[in-house]
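The values are calculated or read from the model by the stated rules, or taken from the named source; none is laboratory data. Computed from a predicted structure; not experimentally measured. All Cβ positions, even for glycine, are placed from backbone atoms using ideal geometry, and neighbour counts span all protein chains on display.
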Amino acid sequence: MAELSLPAPPASRGFGLTPWLLIALGLASALSLSVGAAGLGPLRLIAAAQGEGLSLPEAVVLYDIRLPRLAMGLLVGAALGLSGALLQGLFRNPLADPGIVGVGAGAGLGAVLAIVLGGLLPPAVLARAGGHLVPLAACLGGWLFTVVLYRVASSRGRTQVATLLLAGIALGALAGGMTGVLIYLADDSQLRDLTFWSMGSLAGSTWTKLLAVLPLIGMVLVLAPRLGRGLNALALGEAQAAHMGIDVQRLKRLTVLATALATGAAVAVSGGIGFVGIVVPHLLRLANGPDHRRLLPQAAMLGAMLLVLADLVSRQIVAPAELPIGIITALLGAPVFLWILLRQAGLQRG
């Protein structure tokens, strides 16, 4: 069967937005590095870039606190934005979110298990895991839920999107119930950890954690844009996509796998940060159209920029204390989500 190809998007409307996103991302990154409670401001950073040395406290703030935090924000934001675009393309629904397939809930359950029951592990295991027990448990939980999801949603080598959606909702509810039991069993100290982790934060970012998730998220960021053509064809329907030469089952598997990798790794190091995966792709579709060949990389860039700015706001709004970043994304994302719902309802009535 001859393979058909989709027409290339007009350059003026498609990738013309990419340079502006890169510029905005660079400005947000520079602002994040130069603003903080430690007094290492933009003028001092400019002087350091011109060759003037930093003092030891300034070097510690820049290289051990702000730079790893910025890098983690870029990586997590890109993962969440890209995951949202992938799932919205797979489900052909602008309201789809990485949490819809249960990956986020599974990762959250793994983290809660580590916080509440981690002390019961043998001392040798705790010593080997060090401070990475919660991220490792979150990644494992996300992976296990992905495996179970595919076993439930697959029959005779085929995966139904509707079954995948319903199975993800059911697994998410199951994870939520199990998490509630663990929270009931937690003591006061564990409850504080659980509360802060569930609202999301980049405060614990280190180079070690960054290097732990970089291979997973980096691989998805590099390979996922190659799914753009298949997701474009899938928008026409599964039968039409198959006629165009797309292996639909393989496309579904790769999309869910990429989402599981990116979301599980992001949740493992940052906790629960919502609404980025819903809002970012929808805004780009309004500005750029639905072509996933440009939407996927741009969703990663815009997600990274928005999370860096949200982190900056979380550090400044109650300085010198810090507000969990998940609160900021919820306050900003929830009104946008409601607007999306109302807009979809208006289009359907029209």
What is the number of the single condition among (1) of a type outside the set (V, I, T); (2) part of a loop (DSSP other than H, G, I, E, B); (3) under 23 Å from L307 (Cα atoms) that G53 does not meet? (3)
Scanning the range 177-196 residue by residue, the ones that are in contact (Cβ under 8 Å) with a residue 60 or more places away in the chain and either in contact with a helix residue (DSSP H, G or I) (Cβ under 6 Å, 6 or more places away or on another chain) or aliphatic (A, V, I, L, M) (or both) total 9
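Condition check ((1) more than 16 Å from the chain's Cα centre (by Cα); (2) more than 27 Å from P281 (Cα to Cα); (3) not polar (S, T, N, Q)) across all residues:
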| position | (1), (2), (3) |
| --- | --- |
| L87 | no, no, yes |
| R92 | yes, no, yes |
| G102 | no, no, yes |
| L121 | yes, yes, yes |
Mind checking whether some residue in the range 68-78 is basic (K, R) and over 20 Å from F196 (Cα atoms)? no
For the range 315-338 the number of residues that are surrounded by fewer than 18 Cβ atoms within 10 Å (Cβ to Cβ), of a type in the set (S, T, N, Q) and within 18 Å of G277 (Cα to Cα) is 0
Failed condition for T195, given (1) crowded, with 16+ Cβ neighbours inside 10 Å; (2) within 21 Å of F275 (Cβ to Cβ); (3) at pLDDT below 80: (1)
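Residues in the range 206-227 that are charged (D, E, K, R) and at pLDDT 90 or above: how many?
Looking only at that region, the number is 1.
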By residue number, the members of the range 97-133 that are among the hydrophobic types (A, V, I, L, M, F, W, C), at pLDDT below 75 and crowded, with 21+ Cβ neighbours inside 10 Å are I100, V101
Tell me yes or no: at least one residue of the range 33-40 is under 29 Å from the mean Cα position of the chain (by Cα), hydroxyl-bearing (S, T, Y), on the phi < 0 side of the Ramachandran plot and modelled with pLDDT under 90. yes
Give me the pairs, please: first residue somewhere in the range 82-96 and at positive phi, second residue anywhere and small (G, A, S) and part of a loop (DSSP other than H, G, I, E, B), beta-carbon distance under 7 Å, and either six or more positions apart or on two chains. R92/A235
Take the range 297-314 and flag every residue that is touching a Pro at 6+ places or on another chain (Cβ under 6 Å) and surrounded by fewer than 24 Cβ atoms within 10 Å (Cβ to Cβ). P297
Can you give me the number of residues within the range 54-85 that are under 16 Å from the mean Cα position of the chain (by Cα) and surrounded by fewer than 16 Cβ atoms within 10 Å (Cβ to Cβ)? 0
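Could you pull out the residue among L227, L185, L236 that is of a type in the set (A, V, I, L, M) and either crowded, with 16+ Cβ neighbours inside 10 Å or touching a Gly at 6+ places or on another chain (Cβ under 7 Å) (or both)?
Numbers: L185 fails: either crowded, with 16+ Cβ neighbours inside 10 Å or touching a Gly at 6+ places or on another chain (Cβ under 7 Å) (or both); L236 fails: either crowded, with 16+ Cβ neighbours inside 10 Å or touching a Gly at 6+ places or on another chain (Cβ under 7 Å) (or both).
The conditions single out L227.
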Which residue pairs have Cβ atoms under 7 Å apart, sit 6 or more places apart or on different chains, and have a first residue in the range 15-35 that is of a type in the set (F, W, Y) and a second that is surrounded by 13 or more Cβ atoms within 10 Å (Cβ to Cβ)? F15/R294
